[in-house]
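Any read-out appearing in this document is the output of simple, stated calculations on the displayed coordinates, not a laboratory observation. Keep in mind that this is a model prediction, so the values were computed, not measured. Ideal geometry is used to build each Cβ from the backbone, glycine not excepted, and the neighbour counts take in all protein chains shown.
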Amino acid sequence: MLEYLPYVLLFALATMIIYAWGLWRSIRQQQDLSNMLSAKGISKVKKALKKNGAMTEKELEPFIKNLTAKQPFSREQIAVTDPKQFLDSILPYMIKQKMITETHENGKAVYQLRR
């Protein structure tokens, strides 16, 4: 009977590790989804600016309107419901990271890729 004890303990340890990993993933899932959506949005904005040149925030909205992010092997997903609010969150980050520049023309903010 004692010869099976190490196997039982190893099984219990493996179960604890798998449970802890699943718990950690579920806690971090919303933040990970948000980061994935932001990264996709930044990519879409950069592509739009590269293709079309300088654009206003209003002109950028259609490019990120129906953007979604989903983790593999998960049903949970996140989507952009308010493009203006989403752009208000990623454009300052992009300016701070020196990806784009903001200039004002005719009282409107115009964004373009940094050279």
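Observations, loosely collected:
- The spacing between the range 32-103 and the range 1-27, judged by their C-alpha centroids, is 41 Å.
- Counting all C-alpha pairs of the chain, share separated by more than 24 Å (%): 45
- Fully extending the segment from residue 70 to residue 82, taken as 0.36 nm per residue of separation minus the present Cα-Cα distance, adds 2.5 nm.
- Helical contribution to [θ] at 222 nm, DSSP H n ≥ 4, -39,500 (n - 2.57), averaged over the chain, rounded to 500: -21500 deg cm²/dmol
- Rounded to the nearest 20 debye, dipole of the range 34-115 from Cβ charges on Lys, Arg, Asp, Glu: 400
- Counting only lysines at least 8 places from residue 40 when in the same chain, those with an alpha carbon closer than 24 Å to its own are 50, 51, 58, 65, 70, 84, 96, 98.
- Between the listed residues 29, 14, 66, the Cα displaced farthest toward the positive end of the dipole of the range 3-70, a dipole computed from Cβ unit charges relative to the Cα centre, is found at 66.
- On the basis of the beta-carbon distance and an R0 of 41 Å, residue 25 and residue 106 show a calculated FRET efficiency of 0.25.
- The residues neighbouring residue 101, those whose beta-carbon lies less than 13 Å from its own, together hold a net charge of +3 under the Lys/Arg +1, Asp/Glu -1 convention.
- Extension gain from residue 15 to residue 93, taking 0.36 nm per residue of separation minus the Cα-Cα distance: 24.0 nm
- Helices in the chain that qualify as membrane-span-like (whole DSSP H runs, Cα extent of at least 27 Å along the helix axis, mean Kyte-Doolittle hydropathy of -1.0 or higher) are 5-52.
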